[in-house]
Amino acid sequence: MLNSLKNGWFAILVTAIKYVILTMFSALRQQFEEFIELSEEEIKYVASFFQMKKFKKHAIILHAGELVDHEYFVMKGLLKTALTDEKGKEHILQLAMENWWVSDYDALTTHERTIFEISCLENVEVLLLTLNKKEQLCREMHKMEHFFRLKATSGFINGQKRIIALLKNDAQSRYTELFEKYPSLFQRVPKSVLASYLGVSRETLSRFSKG
């Protein structure tokens, strides 16, 4: 009798955990389905490759000098990827909000130590995917290989556009473009962080916001 009750509660717990994972996985599923079609069974299988994790605001999820094991899909919150130069000045590479992927992809694929730090600007919930599991998933499911290839291309294009904007556009244009694309960032990100991301002083940023 007791064993039956234990087994029953265990089955309920396992079912509940699977439900929570699939519910949290829904945002990533929507992104998959922008590029590929997956059956319910395929969705459940893909979800099994990911690990869910939560971090508090200000937590550092990747330190400079560490080996990189994962890439992260942001379900909730905001992450900052930055490097600090020899003079102690911080340079921000990326601000990653919901539905964005983030990692040091160079260090991840070459097994080198990262030069970046990834930290939480808010409480964050992420899905983690290791390189080994990603490669296994791509070997087993051509659809997923296709998805990750398209996402990599998209990420490269976006990175190229950011470099071009920094080289070509003046500070006012960069500010305007960022505000038009991601207005919520201006409510969620400290002004000092926004200024660093845009490559301007905090005073210049304040002048833009007033104008």
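Only the coordinates and a few stated rules stand behind these numbers; no lab work does. Please read all numbers here as calculations on a predicted model, not as lab measurements. All Cβ positions, even for glycine, are placed from backbone atoms using ideal geometry, and neighbour counts span all protein chains on display.
Here are some notes:
- For R188, net neighbour charge (Lys/Arg +1, Asp/Glu -1) across residues whose Cβ lies under 13 Å away: +2
- Cα pair distances exceeding 32 angstrom across the chain, given as percent: 27
- Legend: helices of the chain (whole DSSP H runs) are marked when their alpha-carbon atoms reach 20 angstrom or more along the helix axis and their mean Kyte-Doolittle hydropathy is at least 1.0; marked are 2-24.
- Residue-count net charge about R113 - beta-carbon cut-off 11 Å; Lys, Arg +1, Asp, Glu -1: -4
- Segment 33-127: chymotrypsin sites (Phe, Trp or Tyr not before Pro) falling in loop per DSSP and having at most 13 other Cβ within 10 Å: none
- Measuring between alpha carbons in the structure, the pairs from K89/K210; K44/K133; K53/K181; K44/K134; K80/K151; K56/K151 lying more than 24 angstrom apart are K89/K210; K53/K181; K56/K151.
- Additional length obtainable on full extension of the chain from N158 to E42, 0.36 nm per residue less Cα span: 38.9 nm
- Candidates V74, V200, V124: whichever shows maximal mean-square fluctuation once the chain is modelled as a Gaussian network with Cα springs under 10 Å: V200
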